[in-house]
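Down below is the structure, laid out as structure tokens.
The values are calculated or read from the model by the stated rules, or taken from the named source; none is laboratory data. Note that the coordinates shown come from a computational prediction; the quantities given were computed from them, not determined experimentally. Cβ atoms come from the backbone with ideal geometry, glycine included; neighbour counts cover every protein chain shown.
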DNA sequence: AACGTTGACGTTAACGTTAACGTCAACGTT
DNA sequence: AACGTTGACGTTAACGTTAACGTCAACGTT
């Protein structure tokens, strides 16, 4: 910057004004400075800017597992939305562990991020309570914790799970197994509870015997389905809490010589891009990841720019996509 | 920091010494300062540290597409390896576009990252030539560009493609289709060329008619396989350049009433975690993503710490995993 | 006793920016 | 002619750290 100022025979403050388009400069000076900037290839140092403006043009994204395509697609959408705004994105994996999550939040705070987008994990409520007041805007997915610093984006999981249940019931299924992740907080159980509620409303059984709690991964779905088929062999359908689990469960069914959907129907959740080309193509609840990412970025940037405003939660509806697995 | 210094009745420099464990402090003072740090919840400001030390404890990861599980798994491994070292990771998608890639590199440079790990795209050579001299350590995957600032990690794609070809030939296939991404640089064509070489070595045809160039995605594989089956209907096997393409191709085969593997065998590349549970489970060339990420982090951190040393390329072997699709 | 060394700190300046305020000429207004 | 306003800059201090150097008492050595 000093070199540019010298080359253009102005003060560094004038260079700063040109870089930040702060006006109050004559066109002639502006051109001269710009020419010097181009000639010397000057780029402002974001670290120094960050120190004085307390604004680093970065946000942090903390999510459970980037290898789950659902998260990856949301991350991709967030990235794309932010790129145009000149923001860079830190990525942290929480591995669904509260300890790693809080570590990620702290390290992001040290890096001076302007805001954080977080898919919270279990046990998070207390962590958030400690963390939120101290820091920048935080946008949460699928969680609820009221605080002026916190923006909420809720996917209508309840609706999605109801749609899935009603679809299976309409197809004549009476005994339906469920694969859920372990439920460590009320927020975590929303899909399962809504599904069970719908079953109950139709007078169908939803006892503990038809639910298995496993990791929300392919592996988890595979093992969970094996267990489910063993402890409740008369089930004719399975509702998995996400598509990866459904993939694993389909595999388990096939290996147990249960054809999908003829011997056991399968419904997933998320509609990741592989669901439509899996064999059989998966019936699942669609969530618009692009919209999700876009809204998250809009919300967090709005909260950064105008922190005094209050921001009501945003809700995103889901949609049942019927394919070959039911 | 000033508050901590005041609370402990020392100078801020002494606090700095405690934080950075720079020694030369009495145990008693150290304890007193540490107590004040804990009590006040002081955390060093990485932005200010970055300005003075020119070291931000961040690295940038630029890759083509985070929604491809292969990249996602490498990103995950990089993240995990870095977490323990106190580094944070910027993530940028290049979308396989040279323009976006160079924009990502520039914005990372402005953020003052200490190093960059890059899965380069086509046209990159000239960009790298311009970029590399000006900046921090750069670690490249599957590319080659010799420069003291650049570290290389090569997956032995040649070996992998040969293994795949020999496997199909041994199974009796004589007419094999190939799905490749567009080849805009020699580096990009390594899998395809090695595969074609092996075919030629066995006296088998590898003409243009049996190759289709499409995007390295599920969609690309799907469309590519459709085209391949139309223009070369007598093929009995397809080699896809990555697993996602293979998934799409399997789908296309099934829809064309070609059973996999009976009517058309399929081999992929990468061995993403979904390959083993796909139906049919995919025969593919395994790449150790965890190792890849771990080595990349080790290399880039070593280059940051000791930039004067020279770092020879690292090579990673591949392995054929035979499953149901062949 | 004089001097050098060392341990345990403190002071000052700097990193590359921007915010806040200052300056000064030119111009218009009364 | 005196004064206020405004446009177009420049100066100074500050952001929160660390590097480089300074200080000073205590201690050992000759």
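Structure values in brief
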| quantity | calculated |
| --- | --- |
| Filtered residues of the range A:159-191 (kept if under 21 Å from residue A:70 (Cβ atoms), at pLDDT 95 or above and assigned to a helix (DSSP H, G or I)) | A:159, A:160, A:161, A:162, A:163, A:164, A:165, A:167 |
| Residue satisfying all of: in the range A:18-54; over 27 Å from residue B:55 (Cα atoms) and out of contact with any helix residue (DSSP H, G or I) (no Cβ under 8 Å at 6 or more places or on another chain); nearest to DNA strand D (Cβ to nearest atom) among these | A:26 |
| Every residue from the range B:106-131 that is under 19 Å from residue B:188 (Cβ atoms), more than 14 Å from chain A (Cβ to nearest Cβ) and in contact with a strand residue (DSSP E or B) (Cβ under 7 Å, 6 or more places away or on another chain) | B:118, B:119, B:120 |
| Selection count, the range B:200-215, where residues are in contact with a strand residue (DSSP E or B) (Cβ under 7 Å, 6 or more places away or on another chain) and modelled with pLDDT of 95 or more | 4 |
| Check on residue B:159, touching a residue at least 40 places away in the same chain (Cβ under 8 Å) and within 15 Å of residue B:74 (Cβ to Cβ) | no |
| Helices (runs of 4 or more DSSP H) wholly inside the range A:1-111 that include at least 1 residues being within 13 Å of DNA strand C (Cβ to nearest atom) and surrounded by 20 or more Cβ atoms within 10 Å (Cβ to Cβ) | A:2-8, A:12-19, A:27-40, A:46-53 |
| Where residue B:79 falls short, out of the listed (1) more than 10 Å from every other protein chain (Cβ to nearest Cβ); (2) under 30 Å from the mean Cα position of the chain (by Cα) | (1) |
| Verdict on residue B:58 being at the interface with another protein chain (Cβ under 10 Å from one of its Cβ atoms), under 20 Å from residue A:62 (Cβ atoms) and within 16 Å of DNA strand D (Cβ to nearest atom) | yes |
| Checking residue A:81 against (1) away from DNA strand D (no atom under 14 Å from the Cβ); (2) more than 29 Å from residue B:293 (Cβ to Cβ), the condition it does not meet | (2) |
| When residues of the range A:278-319 are limited to those that are more than 14 Å from the chain's Cα centre (by Cα) and within 14 Å of another protein chain (Cβ to nearest Cβ), the one surrounded by the fewest Cβ atoms within 10 Å (Cβ to Cβ) | A:281 |
| All positions within the range B:219-277 that are crowded, with 24+ Cβ neighbours inside 10 Å and at positive phi | B:270, B:271 |
| Condition broken by residue B:150, with the remaining ones in (1) out of contact with any strand residue (DSSP E or B) (no Cβ under 6 Å at 6 or more places or on another chain); (2) closer than 23 Å to residue B:287 by Cβ; (3) away from chain A (no Cβ under 14 Å) satisfied | (1) |
| Residue B:66 more than 17 Å from residue A:105 (Cα to Cα), touching a helix residue (DSSP H, G or I) at 6+ places or on another chain (Cβ under 7 Å) and more than 7 Å from every other protein chain (Cβ to nearest Cβ) | no |
| Tabulated pairs, the range B:47-60, first without any contact (Cβ under 8 Å) to a residue 40 or more places away in the chain and closer than 26 Å to residue B:296 by Cβ, second within 6 Å of DNA strand D (Cβ to nearest atom) and part of a helix (DSSP H, G or I), C-beta under 7 angstrom, 6+ apart or interchain | B:47/A:51 |
| Sole residue being out of contact with any helix residue (DSSP H, G or I) (no Cβ under 8 Å at 6 or more places or on another chain) and under 24 Å from residue B:252 (Cα atoms), chosen from B:188, B:171 | B:171 |
